[in-house]
Each structure stands twice: as C-alpha cells, then as structure tokens.
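The values are calculated or read from the model by the stated rules, or taken from the named source; none is laboratory data. Since the model is a prediction, treat every value here as computed from it, not as a measurement. Positions of Cβ are generated from backbone atoms using ideal geometry, with glycine treated the same way; all protein chains shown enter the neighbour counts.
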Amino acid sequence: MAEFYVHNSLNPNKVVKFNITLRYFVIKGEKGRYMWTLEIGTTHPDVNGDNISPARVHYFSAQNIDQIIEESLATLCAQIDWSPLMVDRYAPYVDATTPTNGDTETPLSVNIAIYLKDRLPSAGIDLSNLKVILNNGDVDFDITSEINIEGDPYEYVLTWSPPFRVQSTYN
C-alpha cells in the first residue's frame, strides 16, 4: 500500500490523502491462476459527509494502468467538496515559441512550437475553442487541424510541421 496526496488546483490549501493498493489473489479451481486487483480509496468524506467507496479495478494491464489510476482517481475526487474555490484570475499565456519571436526568417525545415502555460490557482487551459491562424504576410491560413498538442491542462506544447517543404527552386 502506498499513500499519496491530491489537491485541487483552485484550492491549494486543501489536501486529501489517498491510498493505493495493488494485490493479487488466486482464483479458486484455476490451478494457481491469479488475478491482480487495484484499489484506490480515501477516508475523506464526500460532499454529504458520507464515506467514499473505494475504486476497485480487476482487469487491467501494464499498458493501461496509468489511465485506470487516473480515471479512478477522477471519479473519487469528483465526490469531494473542494470549496472554497479560488477565482481563476489569470488568462493562459504564451511562455515561449520556437523559433523565437525575434526571428524574421524561418527556414521551411523548422517546425513551429508554441508553449502555453497557466498560472496556479487555475482551472487549466481549455483548448476546446482553440484556433491557430498562420499568416504569410498576405493571407491567413487556418492550420488548427494540423496542430499536434502535447502536455497537460496547465502546460501545453502546440507544434506545427509544415506539410509541404520546398527543398530547391528552379529558374
């Protein structure tokens, strides 16, 4: 069993302790075959003051265990009263770009990256209405569907690789 702590990013003063256990048991009549069980729980009460039932998962693999833990923990955390929540006062901001903002000419071989961040306390960056426009000096191009997004709700990297790279020209 391991213990870990979770806090809501809009209430950094409240911390809730969780326990996680990974154990196995032998299945009766299966000649020594065993099954793993993952259990995540807390003694913290739910919004009504009642006990929160632990999350138990019986079927998982090494490939999806991180996702199983994240989903189970999200379900448990949704039952907790995290108030009082702080107001998210700051808009997300562009922390950096590659190439840098000072570059006036960018070779076609270079990928473009934008680093978005959000200061805590924060609800995180909502990318549901994201629109990325490329301007070549004359025309605006909507390249939103070509953007690769990596990261988490507090720090994203948006990368664009030009689909057509001209390597040589002819006179």
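Under the condition of being assigned to a helix (DSSP H, G or I) and of a type in the set (S, T, N, Q), which residue from the stretch 71-90 is farthest from Val47 (Cα to Cα)? Per the stated criteria, the residue is Ser72. Residue count for the stretch 129-141 under the criterion of being assigned to a strand (DSSP E or B) and within 16 Å of Ala113 (Cα to Cα): the result is 3. Identify, please: which residue in the stretch 78-119 is surrounded by 13 or more Cβ atoms within 10 Å (Cβ to Cβ) and of a type in the set (A, V, I, L, M) and is, among those, nearest to the chain's Cα centre (by Cα)? Applying the filter and picking the extreme gives Leu116.
I need a count of the residues in the stretch 10-33 that are outside any strand (DSSP E or B) and of a type in the set (A, V, I, L, M, F, W, C).
Narrowing the stretch 10-33 to residues outside any strand (DSSP E or B): 10, 27-33.
Narrowing the set further to residues that are of a type in the set (A, V, I, L, M, F, W, C) leaves 10, 27.
Number satisfying all stated conditions: 2.
Tyr34 meets each of the listed conditions (1) over 21 Å from the mean Cα position of the chain (by Cα); (2) surrounded by 14 or more Cβ atoms within 10 Å (Cβ to Cβ) apart from (2). Within the stretch 5-22, being loosely packed, with under 11 Cβ neighbours inside 10 Å and over 19 Å from Arg119 (Cα atoms) holds for one residue alone: Tyr5.
Among residues that are in contact with a strand residue (DSSP E or B) (Cβ under 8 Å, 6 or more places away or on another chain), more than 19 Å from Lys14 (Cβ to Cβ) and in contact (Cβ under 8 Å) with a residue 24 or more places away in the chain, Lys117 is included. Taking residues in the stretch 66-93 that are in contact (Cβ under 8 Å) with a residue 40 or more places away in the chain and within 16 Å of Asn51 (Cα to Cα), and partners anywhere that are of a type in the set (Lys, Arg) and surrounded by 11 or more Cβ atoms within 10 Å (Cβ to Cβ), the pairs with Cβ atoms closer than 8 Å and at least 6 places apart or on different chains are Trp82/Lys14. Among the residues of the stretch 121-152, those identified as within 30 Å of His7 (Cα to Cα), modelled with pLDDT of 90 or more and either touching a Leu at 6+ places or on another chain (Cβ under 9 Å) or assigned by TED's automatic domain parsing to the domain that holds His7 (or both) are Ile125, Leu127, Leu130, Asn148, Ile149, Glu150, Gly151.
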